Every structure is written in C-alpha cells, then in structure tokens.
Amino acid sequence: MQDFRNLKVWEKSHQLTLQIYQITKSFPKEELYGLTSQIGRASSSIPTNIAEGCGRDGGRDFSRFLQIAMGSATEVEYLILLCKDIQLLPLETYEQLQKEVTAIKRMLTSFIKKLKTEHR
C-alpha cells in the first residue's frame with residue numbers, strides 16, 4: 001500500500017480537478033445540475049480512483065482502479081470539448097485543459113503498463 005499523495009499522476013489529476021471546479025463556477029446557473037455537475041464528478045473521479053487503488057492489495061487491483069481513472073479522464077476530455085463547442089469555455093482555456101488531460105492519460109497508461117509488467 002502506498003500513499004497516493006506521493007504519486008505525480010494523482011497530484012496532476014487533483015490539480016486538474018481544482019482547475020475545473022474553479023472554471024465551472026462561472027458556468028450558467030442552469031447548468032448546475034447538468035454539465036457543471038457532470039464535469040466536476042468526472043474530474044474528481046480521476047484522483048479518487050487513483051487514491052482508492054493505492055489502498056487496495058496488489059497491482060492487479062490497483063491497475064483496475066487506474067483503468068477506471070482513465071475512463072474518467074476520457075469523459076473529462078469529451079466534456080471540455082463539449083463545453084468549448086457550446087461556448088462555455090474559451091479556446092485558450094480548452095486548449096490548456098486538453099493538454100492537462102492528455103498528460104494525465106499518458107501517465108495513467110504508463111503506470112498501467114508498468115503494473116502489468118510487474119505482475120506477470
């Protein structure tokens with residue numbers, strides 16, 4: 001069992017979640033129970049699943065939680081695209097968030113591969 005706070009991918013995904021919560025504060029009130037809620041849940045699911053995986057026994061179980069985090073990162077990737085396309089996010093903000101999500105997905109992919117290699 002390891003401390004999730006020591007993982008760079010957790011830190012990066014936590015920072016992304018904080019950014020998304022800050023950005024969505026300016027979303028229209030009618031989106032509070034729609035996009036605002038959905039993108040907040042999806043983004044927070046990434047570091048949450050990384051943290052939960054750290055508390056599990058063994059690499060296979062941890063890898064499964066990293067896969068769930070990857071799914072959430074892909075969901076965030078789509079939701080920020082949707083927010084840009086319906087003009088809730090300016091292009092610059094979208095591009096910055098997209099870079100962050102891509103970096104997180106790369107880190108998760110590497111971590112998952114490493115765990116699979118270690119537990120063969």
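FYI, it's all coordinate maths here, none of it is from the lab. Please read these numbers as outputs of a predicted model, since none were measured by experiment. Positions of Cβ are backbone-derived with ideal geometry, glycine not excepted, and every protein chain shown enters the neighbour counts.
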Give me the lysines in straight-line cross-link reach of residue 114: C-alpha distance below 30 Å, same-chain residues under 8 apart excluded.
8, 12, 99, 105
Sparse-neighbour loop sites [chymotrypsin sites (Phe, Trp or Tyr not before Pro); region 7-97; at most 15 other C-beta within 10 Å; DSSP]
33
What helix-only [θ] at 222 nm does the chain give? Using -39500 (n - 2.57) per DSSP H run of at least 4, over all residues, to the nearest 500, the answer is -27000 deg cm²/dmol
Would you mind calculating the gained length between residue 21 and residue 6 on full extension (0.36 nm times residue separation, minus the Cα-Cα distance), in nm to one decimal?
3.1 nm
Calculate the dipole size of the chain relative to its Cα centre from +1 charges on Lys and Arg beta carbons and -1 charges on Asp and Glu beta carbons; express the result in debye to the nearest 20.
480 debye
At 0.36 nm per residue, minus the direct Cα-Cα distance, what do residue 114 and residue 37 gain on full extension? Give it in nm, one decimal, please.
24.4 nm
Per DSSP, the loop-located trypsin sites (Lys or Arg not before Pro) within region 53-108 having at most 15 other beta carbons within 10 Å are 56
